[in-house]
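Following: one structure in structure tokens, then a few remarks.
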């Protein structure tokens, strides 16, 4: 295998006296789904925020495709190929579904300092957007206002937006949160298909999905990674069972 | 410029600074607690001056005028809150800006209608007439020193109120965590009204105190309002301490700049261009200070809301 | 359909106005004033409605443009080929410098800082003794075009204003619909979303400020020509508030709303000031009421219901 796509080294973040990220190191390889699990308040979203550039770490390094991106802004990381979805849906409710995704395609298609041609009529952007929407199964809702989507559809839209930035790595923060049973099935199938083309760092509470999807799992407790390994190893790890799985899986 | 003149200008600057603080204190609390941008806060200052001047003339006593101006300013603040402002709390800042702008137009013109466009005078009380010798041969008006003292005393009182009382604690908490304060079951509306009326009274007090040294005229509240904005931006929204430090800073910088810059520039320029350039740069000074603070600390010197 | 029909009708009406009883000197002056302010309002609407940036210092860009005309006039330069680029460039530069600082903040801070910078420009203009200071400056002649005094003709001036207004309007509308505007509009709705797809909103917003500033500079040149007189009141913060009001009165949803708003404002002001000297006492409450109850603006009245 090649060098890891994402490599986090000794990442630390403190809020006041509390270490929310405590010397975390982990790797995500291309074509791998690496799941990050842990009880509420373990610091999963905080970690994602540091990797995506929403939050600056106090110490440690983040390497993406061999390049140190620790000091890069969020937009630059996205342009380097690192896309994320948000735990709390983050879309443009006043834009159409298509335009939400077309904006992301636009970020990857030359300069946006263009003033005369209507962007809504740019075929190349719309085609790319439709493609991403089709990939998540939302193409039939392209014309709807994004604010009018059902909750599960909004999660799909987030994913389509992330895909349209043409990433190499996806940071997915609880993509299944709030989705109904049917939507969950569809999303799990979708995430499974994504593995072929992207590296994925997946934060998820749905243990069935995690164990169905993940190639490797890291367990985060109080900001520290207490174990990393293949799903069977994690399932068997007594420390993990004590700290975490015990309450959920039983 | 001589050392004596510098001292006089520094005292003028501090006096201007404490007046600014009284205007800015109410404004910053209203911002911090209610997230409400109130352009009409400057007219409270103007109304205070008009009330003070009129009531002093009617009662024949400066002190009675000043004393009665306070409840009058308070009542004006309450009336505005009930009639206009409370309908704007849930709206965006743009709506608040425009509606309070409308209130300014109305009141500036209303004052003209009621009192005429000519400036009013409010006499200095006999007790505070004359000057004191700061140094041999250097007289400074007692009244201006009294403004400085009264302003500092009010600042101290405000600090005790905000820092040491339950209401003050709620106001501080409201500025940093409004949702939590609401969740505690505090009647936010009443807290708003209280803060609002109190801020209006402080601004009115500043106006009434300043009336004898300024000309009381329509629109006199506009300039202090905008400087109070500068103060708040420099000090950090919602921070009383920030407002205090920034007020003195702005007051000193503005006054000293106007006094000293033309002289300073004469070292490099001919007298006439030095005077012109000095005046132009002096009028930009506080805004340059604001830009410099923002460049280093976008949230101001003492941001009340962390993060 | 109506999205195109309303602006088309509006421009047709303005073009026909000189032949429909508005051909007299005074009526034409009034219309020119409305079109010039409408132009500035369109630029401001690009900022407020498009980018969500509420500037309360927009009049300063008009003032910079107008004072550029003055500065050139004082040096005997009245050729439009020189005056226009210098004035527009100066205003754009002013917008660039103040925008670069103001955009480090957002929301209420942005409002206050733009207001403060506007005030800075106002005081600077007041201190320019060479250009009349507070009293203002009377131009020797209108700007020349290729050495001819074409703009002295009222009708020519009317159509010059109309043509430039149409140009500005069409450019801003295209820019908002184009890629540039899409980023702006998206950043207004949700800046985090925009950052998370790979755009830093800052340069887009800054350029929007510069475009609006350049348009403000152009309207400043025209305004100076319309009145042949320039005074610091061009830059007053009340003027900024009025421009903002025009944008809101017309409706934030569309750029032609800003022109409608400017027309309505100028005519309303004219009508009210004929009724009473204290017209602002009527105007202020009208503003408050329109903010509280008239949310869609004039363009909203004319727009199809479904939107």
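What follows draws every value from the coordinates through simple rules; no lab data is involved. Given the structure is predicted, the values throughout are model-derived calculations rather than measurements. Glycine gets a Cβ as well: all are built from the backbone with ideal geometry, and neighbour counts include every protein chain shown.
Observations on the structure shown:
- With the convex hull drawn over the C-alpha atoms of the stretch B:3-296, the volume per residue is 153 Å³.
- Over chain B: helical MRE at 222 nm, DSSP H runs n ≥ 4 each giving -39500 (n - 2.57), nearest 500: -25500 deg cm²/dmol
- Helical runs assigned H by DSSP (4 residues or longer) give chain A a calculated mean residue ellipticity at 222 nm of -9500 deg cm²/dmol, each run adding -39500 (n - 2.57) before division by the residue total.
- Residues A:184, C:124 in ascending order of nearby Cβ atoms (within 10 Å, fewest first): A:184, C:124.
- Peptide-level mean, for C:275-284, of C-beta atoms on other protein chains within 10 Å: 5
- Relative packing of peptides B:134-143, C:293-302, A:170-179 - highest average C-beta neighbours within 10 Å first: A:170-179, C:293-302, B:134-143
- DSSP-defined beta bridges in the protein assembly as shown - what % are antiparallel, rounded to 5: 60 percent
- Here the stretch C:240-307 is treated as a sphere whose radius is the Kirkwood value from Cα pairs; by Stokes-Einstein at 4 °C and 1.567 mPa s it diffuses with a coefficient of 106 µm²/s.
- Here the residues B:28, B:100, C:227, ranked from fewest to most Cβ neighbours within 10 Å of their Cβ, fall in the order C:227, B:100, B:28.
- Cα-based equivalent ellipsoid, the stretch A:181-226: semi-axes from gyration tensor eigenvalues, Å: 21, 14, 8
- Distant alpha-carbon pairs in the stretch B:35-142 (separation over 16 angstrom), percent: 66 percent
- For the stretch C:76-154, convex hull of alpha carbons as volume per residue, Å³: 126 Å³
- Listed peptides C:157-166, A:144-153, B:103-112 by packing density, highest first (mean Cβ within 10 Å): B:103-112, C:157-166, A:144-153
- Peptide C:169-181 has a mean shielding of 5, counted as Cβ atoms of other protein chains within 10 Å of each residue's Cβ.
- Cα-based helix-to-principal-axis angle, B:188-210 vs chain B, degrees rounded to 10: 20 degrees
- Panel values: the stretch C:170-307, Kirkwood radius from alpha carbon pairs, Stokes-Einstein at 25 °C and 0.890 mPa s, translational diffusion coefficient 142 µm²/s.
- Summary of packing: across the peptides A:76-86, B:236-246, B:145-155, the per-residue average of other C-beta atoms within 10 Å ranks them, highest first, as B:236-246, A:76-86, B:145-155.
- Label-point separation, residue B:87 to residue B:138 (7 Å along Cα→Cβ), nm: 5.5 nm
- For the stretch B:131-278, the direction-averaged projected area of the alpha-carbon convex hull comes to 12.3 nm².
- For the protein assembly as shown, alpha-carbon Rg over 2.2 N^0.38 Å: 1.06
- Per-residue average of Cβ from other chains inside 10 Å of B:283-293: 5
- Taking the C-alpha atoms of the stretch A:1-122, convex hull volume expressed per residue in Å³: 158 Å³
- D (Stokes-Einstein, µm²/s), Kirkwood Cα radius, chain A, 1.306 mPa s at 10 °C: 85 µm²/s
- When the stretch B:31-87 is reduced to its Cα atoms, the Kirkwood hydrodynamic radius in Å: 12.2 Å
- For chain C, the mean residue ellipticity at 222 nm estimated from helices alone is -23500 deg cm²/dmol, where every DSSP H run of n ≥ 4 contributes -39500 (n - 2.57) and the total is divided by all residues, rounded to the nearest 500.
- With 10 Å bins beginning at zero, the pair-distance distribution over Cα atoms of chain C amounts to 6, 28, 36, 23, 6, 1 %.
- Mean shadow area of the stretch C:110-256 over all directions, Cα convex hull, nm²: 10.8 nm²
- For the stretch B:197-307, pairs of C-alpha atoms spaced more than 24 angstrom apart make up 38 percent of the total.
- Isotropic mean projected area of the C-alpha convex hull, the stretch C:157-222 (nm²): 4.6 nm²
- Computed over the stretch A:100-244, the quotient of the alpha carbon radius of gyration and 2.2 N^0.38 Å is 1.24.
- Here the ratio of the Cα radius of gyration of the stretch A:93-166 to 2.2 N^0.38 Å is 1.03.
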